[in-house]
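Have a look at the structure below before the remarks.
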């Protein structure tokens, strides 16, 4: 399985946040409103947060795989030891 559901959701969120932020900047160009301008810059903080979440998911998934593999290797060694007795 390539990529977890969380990773796919994060990638979709990143694409959506980028498109919404670009749309807000375009709206600012047409309206010249400072409120829309500040909201567009706020979109960059949303993008930064979404990218951090994506990185955290990737890190946590790699730790999860490591500990699951460690757990299974310990179980296999334990049951091999029990079988020898």
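Since every read-out is calculated from the coordinates, none of them should be taken as a lab result. Just so it is clear, the structure is predicted and the values come from calculations on it, not from any experiment. Cβ atoms come from the backbone with ideal geometry, glycine included; neighbour counts cover every protein chain shown.
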Theoretical ellipticity at 222 nm over the chain - DSSP helices of four or more residues, -39500 (n - 2.57) apiece, nearest 500: -34000 deg cm²/dmol
Say each of residue 42 and residue 14 gets a label point 7 Å from the Cα, pointing the same way as Cα to Cβ; how far apart are those two points in nm? 2.4
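Would you list 14, 74 from fewest to most Cβ contacts within 10 Å?
74, 14
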Here the relative contact order (percent) of the chain, from C-alpha pairs under 8 Å and at least 6 apart, is 31
Given (i) 1.65; (ii) 1.25; (iii) 1.40, the label whose value is Rg/Rh (Cα atoms, Kirkwood Rh) derived from this model: (iii)
Anyone know which of 19, 73, 45 comes out most mobile in the 10 Å Cα GNM of the chain? 73
